[in-house]
Amino acid sequence: MLLAVSSFGLVQAQEKTEEELKVEMAPKKAEIAKLQKEVSALQAQIDNMPGWKFGAFGTVGANFSRFSSWYSQGTPNVSSANAAITVNAFANKKEEKYFWRNALNLNLGWVKFDDRDDPEDDDSFRNATDVFNITSLYGYKLSEKLAVSTLGEYRTTILDNFNDPGYLDLGLGMTWTPVTNLTVVVHPFNYNFVFSNGESIYESSLGAKIVADYTRQIGKIAFKSNLSAFQSYKSSDYSNFTWINSFSYKLFNNIGVGFEVGLRGNKQENLENAIAENEALLVPGATPTFNSIDSQLQSYYILGLTYSF
């Protein structure tokens, strides 16, 4: 008898329609959404508390392949690989009268293409992506959202051509923080130091610095967008900008999937690269002009697994 009753109940449960199950699920989803809002509100209170806040997330991407006697392609015996890593980290201090925000962006990548039928080819890993950017922003608050500030920012590569070129911005101006996660820096008094080895076309200059940074984490999603631009007062040819966007979604524990894309505009780098590829641009006794090159937009992207701290 007990077995019959249990069987009857099981049949009844199995006979529920898709619509009925959706009706049962709706209030549970609403409850989850409500709890998530409460968690976000508590996190906002934590973020607004004074003291140091630390955080970091990054992306790791890798791909390895090996072909043997695969004659349908041009190189039937080839081994190839690419690997990349990005790190976005911050250390911020917030007090009643001042704040100090520090950020690091690192992006490194390597590629390998080994034709095993060619003993003279380069079978080692070669540098493919090389980005290093560190900033430090200090502000004295005039109000809750406006501060007098000073900024130091350094950009270069570390695997190849360290500090060649390297860019150091030092400036003074104002910082606006309209919301917790957004920082806008406008420094009309900024000097852009450009470092390079030997003779080059790079030149330092005075100008205005504009930085906009938005960093936020909502549940399993972490997002960061950083725009750093320098407008030279001497000439627009010495201006530059870098815009980096990073996104990660946590799948389980601290592991997830991430995507990062970077854009850069820098006429000085474009001209030096053009000279390296075409020495005809070097006219004896004359300086190469920016009109002799195209204003190319530099870019990169990386997609892979992430690990958040």
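Could you run through segment 117-156 and say how many residues are farther than 30 Å from Gly58 by Cα and of a type outside the set (D, E, K, R)?
7
Can you tell me which residue in segment 216-230 is farthest from the chain's Cα centre (by Cα), limited to those that are of a type outside the set (A, V, I, L, M) and surrounded by fewer than 21 Cβ atoms within 10 Å (Cβ to Cβ)?
Gly219
Counting just the residues of segment 136-168 that are among the β-branched types (Val, Ile, Thr) and touching a Leu at 6+ places or on another chain (Cβ under 7 Å), which one comes out farthest from Glu96 (Cα to Cα)?
The extreme case among them is Thr150.
If you take the residues in segment 258-277 that are part of a strand (DSSP E or B) and without any contact (Cβ under 8 Å) to a residue 40 or more places away in the chain, which one is farthest from the chain's Cα centre (by Cα)?
Filtering segment 258-277 for residues that are part of a strand (DSSP E or B) and without any contact (Cβ under 8 Å) to a residue 40 or more places away in the chain, the one farthest from the chain's Cα centre (by Cα) comes out as Asn266.
Would you say Tyr249 is in a strand (DSSP E or B), modelled with pLDDT of 95 or more and either of a type in the set (Ser, Thr, Tyr) or under 17 Å from the mean Cα position of the chain (by Cα) (or both)?
No.
Residues to consider are Lys112, Lys141; find the one that is surrounded by 15 or more Cβ atoms within 10 Å (Cβ to Cβ), at negative phi and either without any contact (Cβ under 8 Å) to a residue 40 or more places away in the chain or within 24 Å of the chain's Cα centre (by Cα) (or both).
Lys112
When both residues are 6+ apart or on different chains and their Cβ atoms are under 6 Å apart, which pairs have a first residue that lies in segment 217-231 and is closer than 15 Å to Ser248 by Cβ, and a second that is modelled with pLDDT of 85 or more and surrounded by fewer than 17 Cβ atoms within 10 Å (Cβ to Cβ)?
Once the first residue is closer than 15 Å to Ser248 by Cβ and sits in segment 217-231, its partners that are modelled with pLDDT of 85 or more and surrounded by fewer than 17 Cβ atoms within 10 Å (Cβ to Cβ) give Lys220/Tyr249; Ile221/Tyr249; Ser225/Tyr214; Ser225/Asn245.
Hey, Asn190 hits all of (1) within 24 Å of Glu272 (Cβ to Cβ); (2) surrounded by fewer than 15 Cβ atoms within 10 Å (Cβ to Cβ); (3) in contact with a Leu (Cβ under 9 Å, 6 or more places away or on another chain) but one; which does it fall short on?
Every condition holds for Asn190 apart from (2).
Scan segment 109-143 for residues that are under 23 Å from Leu227 (Cα atoms) and modelled with pLDDT under 90 and jot them down.
Those that are under 23 Å from Leu227 (Cα atoms) and modelled with pLDDT under 90: Gly109, Ala128, Thr129, Asp130, Val131.
Identify, from the list Ser68, Ser72, Ser79, the residue that is farther than 25 Å from Tyr154 by Cα and touching a strand residue (DSSP E or B) at 6+ places or on another chain (Cβ under 8 Å).
Every option except Ser79 fails the conditions.
Considering only residues that are within 26 Å of Val87 (Cβ to Cβ), touching an Asp or Glu at 6+ places or on another chain (Cβ under 6 Å) and part of a loop (DSSP other than H, G, I, E, B), which ones fall in segment 197-237?
Answer for segment 197-237, where residues must be within 26 Å of Val87 (Cβ to Cβ), touching an Asp or Glu at 6+ places or on another chain (Cβ under 6 Å) and part of a loop (DSSP other than H, G, I, E, B): there is none.
The values are calculated or read from the model by the stated rules, or taken from the named source; none is laboratory data. Every value quoted in this text rests on a predicted model; they were computed, and no experiment measured them. Note: ideal-geometry Cβ built from the backbone for every residue, glycine included; neighbour counts use all protein chains shown.
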